[in-house]
Amino acid sequence: MAEATFDTVVIGAGPGGYVAAIRASQLGQKVAIVEREHMGGICLNWGCIPTKAMLRSSEVFHLMHRAKEFGLKADGIDYDLDAVVKRSRSVAKQLNSGVGHLMKKNKVTVFMGEATLPSKGTVSVRTEKGSETLKAKNIILATGARARELPGLEADGKRVWTYKHALQPPHMPKKLLVIGSGAIGIEFASFYNTLGAETTVVEVMDRILPVEDAEISAFAKKAFEKQGMKILQKATVKKLDRAADKVTAHIETGGKTETLEVDTVISAVGIVGNTEGLGLEKLGVKVDRSHVVTDEYCRTGVEGLYAIGDIAGAPWLAHKASHEGVMVAELIAGKNDVHPVKPEAIAGCTYCHPQVASVGYSEARARELGYEVKVGKFPFIGNGKAIALGEPEGMVKTVFDAKTGELLGAHMIGAEVTELIQGYVVGRQLETTEADLMETVFPHPTLSEMMHESVLDAYDRVIHI
């Protein structure tokens, strides 16, 4: 059994782990990273990136059908699902190899294998060649998460899928049931619905996209229904009867149970942290509902052991994991200006059609917290660039503290809002007030002007509506 000593060992090479390893190396540490499957983790290989590649294909397909609106001609419009998937996998593969290159560039030693923590400061790695023992004063857990599977709704890869199956579909669904309307469920519903699947979405909460502002959720529901989706809210899939060519779903809603016959089901009911098999309990690490309990600096309570990203709990977002990775690497290096990651400062983006993006508190949450609020809204139909793009459906909503002018939250739905939201993220980080935003000159014609108008509307100064 080989043994090696490092300053820091990172377990998991997803967007949290590999970023933590790079930053630790930049700060002069001797670093190793352990990965059991894919460099880049779920996000790069089976999540964020390949889903966006597939959604881009469906977006282009949708626009091709609108060619006449733009004075263009496109006949015989069709798609090749195998080619769509092939492009998606190619994009993921390119970025996967890029992470490997970054590890070499930053002199991070890579171990491909299964990691366990037999004792404090020790990582045992089971590789194809045997076992390696890594010693380190600091260990960063970045093992991520996997799809949650509910009893009776387990995926089989044939008719009942998780996100992985949906990214490499064995067939094109004709009638699709999506269980769960969070970001993952809605993105796949949007993709397959655009390609022609008769799509039904079931959500146990009282509205779809339940983490979003209520007005944005309501707007999204209308938009999806206009596209032909069927949305069932406050509904639960109780059972799936499976056959070779179909699935019969038993759906309870309003105290009644009805059946829906489909050929494909996608289960998107949340995630479970990858905490098993690491030896965490033996070390005294507290695990709550499959997630490692940490303080605001990602410390587990065991000296020298940190947990970042999905394994450490919500929000389950790649950019949150990456930022935590940098924070922990700097904390380990002894930097004295390290700031914890605040969940309310993390933007959420959903790449359905129309796109949804938000940061900070919803209007309802701000009121719950005791704020007196001023709320501004601006519709896409009032924006010249949106009309020129042929994207007049959407809105931008801003929530301010009426007493101080602090930007408490921003919520958007419409074309390219996943890019626009960063303007408000930066504004919140810089502690921008309504006065700063109102005095900022936004370029014309751009979609970003709606951000300005929404702020103006909160203070009864809106111009274009």
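Look at segment 24-49: where a residue is under 17 Å from G98 (Cα atoms), no partner that is assigned to a loop (DSSP other than H, G, I, E, B) and among the hydroxyl-bearing types (S, T, Y) sits 6+ places away or on another chain with Cβ atoms under 8 Å. Taken over segment 424-448, the criterion of being open to solvent by 40 Å² or more (accessible area, probe 1.4 Å) and under 27 Å from E59 (Cβ atoms) is satisfied by V426, F442, P443, H444, P445. Scanning segment 80-106 for residues that are open to solvent by 70 Å² or more (accessible area, probe 1.4 Å) and more than 23 Å from the chain's Cα centre (by Cα) yields D80, D82, H101, K104, K105.
Here's the yes/no breakdown for (1) under 24 Å from the mean Cα position of the chain (by Cα); (2) buried (at least 18 other Cβ atoms within 10 Å of the Cβ):
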| position | (1), (2) |
| --- | --- |
| K342 | yes, no |
| R367 | no, no |
| F400 | no, yes |
| M451 | yes, yes |
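Looking only at residues in segment 266-292 that are of a type in the set (V, I, T) and over 21 Å from the mean Cα position of the chain (by Cα), the one that is surrounded by the fewest Cβ atoms within 10 Å (Cβ to Cβ) is V287. Figure legend. Inter-residue proximity from segment 265-281: first residues at negative phi, second residues part of a helix (DSSP H, G or I) and of a type outside the set (A, V, I, L, M, F, W, C), beta-carbon distance below 6 Å, spacing 6+ or different chains. Indicated pairs: A268/G185.
Identify, please: which residue in segment 298-323 is open to solvent by 20 Å² or more (accessible area, probe 1.4 Å) and part of a helix (DSSP H, G or I) and is, among those, nearest to Q422 (Cα to Cα)? Among them, the one singled out is H319. Any residue at all in segment 190-207 that's of a type in the set (F, W, Y), open to solvent by less than 10 Å² (accessible area, probe 1.4 Å) and modelled with pLDDT of 95 or more? There is at least one residue in segment 190-207 that is of a type in the set (F, W, Y), open to solvent by less than 10 Å² (accessible area, probe 1.4 Å) and modelled with pLDDT of 95 or more. The residues listed here are G284, G313, G348; of these, the one that is over 24 Å from G28 (Cα atoms), in contact (Cβ under 8 Å) with a residue 12 or more places away in the chain and touching a Leu at 6+ places or on another chain (Cβ under 8 Å) is G348. Evaluate the following for P354: is it at pLDDT 95 or above and surrounded by 19 or more Cβ atoms within 10 Å (Cβ to Cβ)? When the stated conditions are applied, P354 passes them. I'd like to check something: does segment 196-212 contain any residue that is assigned to a helix (DSSP H, G or I) and out of contact with any strand residue (DSSP E or B) (no Cβ under 7 Å at 6 or more places or on another chain)? Taking every residue of segment 196-212 in turn, none turns out to be assigned to a helix (DSSP H, G or I) and out of contact with any strand residue (DSSP E or B) (no Cβ under 7 Å at 6 or more places or on another chain).
Scanning segment 377-396 for residues that are part of a strand (DSSP E or B) and surrounded by fewer than 24 Cβ atoms within 10 Å (Cβ to Cβ) yields K377, P379, M395.
Residues in segment 107-124 that are out of contact with any helix residue (DSSP H, G or I) (no Cβ under 9 Å at 6 or more places or on another chain) and either open to solvent by 30 Å² or more (accessible area, probe 1.4 Å) or more than 20 Å from I42 (Cβ to Cβ) (or both): M112, E114, T116, G121, T122, V123, S124. Contact map, segment 316-332: first residue touching a residue at least 24 places away in the same chain (Cβ under 8 Å) and on the phi < 0 side of the Ramachandran plot, second residue assigned to a helix (DSSP H, G or I) and of a type in the set (S, T, Y), Cβ cut-off under 9 Å, separation 6 or more or different chains; pairs are S322/Y18; G325/Y18; A329/S25. Taking residues in segment 243-263 that are free of Cβ contacts under 8 Å to residues at least 40 places away in the same chain, and partners anywhere that are assigned to a loop (DSSP other than H, G, I, E, B) and exposed (fewer than 13 other Cβ atoms within 10 Å of the Cβ), not one pair has Cβ atoms closer than 6 Å while being at least 6 places apart or on different chains. Taken over segment 220-230, the criterion of being open to solvent by less than 60 Å² (accessible area, probe 1.4 Å) and either over 17 Å from I184 (Cα atoms) or of a type outside the set (D, E, K, R) (or both) is satisfied by A220, A223, F224, G228, M229.
Taking each residue of segment 224-239 that is on the phi > 0 side of the Ramachandran plot and looking for partners that are of a type in the set (A, V, I, L, M, F, W, C) with beta-carbon atoms closer than 8 Å, six or more apart or interchain, yields K234/V204; K234/M205.
This table checks each residue for (1) under 30 Å from G28 (Cα atoms); (2) free of Cβ contacts under 8 Å to residues at least 60 places away in the same chain; (3) assigned to a loop (DSSP other than H, G, I, E, B).
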site	(1), (2), (3)
A136	yes, no, no
L150	no, no, yes
K158	no, yes, yes
A166	no, no, no
P173	no, no, yes
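Tell me the residue from T127, T143 that is open to solvent by 30 Å² or more (accessible area, probe 1.4 Å), modelled with pLDDT of 95 or more and farther than 20 Å from S181 by Cβ, please. Only one candidate passes the filter, namely T143. The helices (runs of 4 or more DSSP H) found entirely in segment 1-106 that carry 3 or more residues being closer than 30 Å to G390 by Cα and of a type in the set (S, T, N, Q) are 48-65.
The values are calculated or read from the model by the stated rules, or taken from the named source; none is laboratory data. This is a predicted model, so every value here is computed, not measured. In this analysis, Cβ positions are derived from the backbone assuming ideal geometry, glycine residues included, and neighbour counts consider all displayed protein chains. Note: areas computed on protein heavy atoms with side chains; ligands, DNA, RNA excluded. Shrake-Rupley method; radii C 1.70, N 1.55, O 1.52, S 1.80 Å.
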